[in-house]
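Below is one structure, written out as structure tokens; the observations come after it.
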Amino acid sequence: MRALHRMYGHEESGDYDSARQEMRDVLAVEVVPYYRQLAQEQLDDLDDEP
């Protein structure tokens, strides 16, 4: 949840690279499939941004 808040903060400030890195960091350690799916979906959505 904290990573999502940080990601949204980066995204709002236009720092999409840092927002993507937040989700990559989550995917590197998360083992719960549901939370991995949420993080992957967020990362996929960020790929549409610059």
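Points worth noting:
- The stretch 1-14, residues that are out of contact with any helix residue (DSSP H, G or I) (no Cβ under 6 Å at 6 or more places or on another chain) and surrounded by 14 or more Cβ atoms within 10 Å (Cβ to Cβ): Leu4
- Scan the stretch 25-44 for residues that are among the charged types (D, E, K, R) and surrounded by 13 or more Cβ atoms within 10 Å (Cβ to Cβ) and the total you get is 3.
- Of the helices (runs of 4 or more DSSP H) lying entirely inside the chain, those containing at least 1 residues that are touching a His at 6+ places or on another chain (Cβ under 7 Å) span 16-29.
- Any hit, the stretch 10-27, residues being on the phi > 0 side of the Ramachandran plot and free of Cβ contacts under 8 Å to residues at least 24 places away in the same chain: yes
Values quoted throughout were computed directly from the atomic coordinates according to the rules given, and no laboratory measurement underlies them. As the structure is a computational prediction, the values presented were derived from the model and not from experiment. Virtual Cβ from ideal backbone geometry, glycine too; neighbours counted across all protein chains shown.
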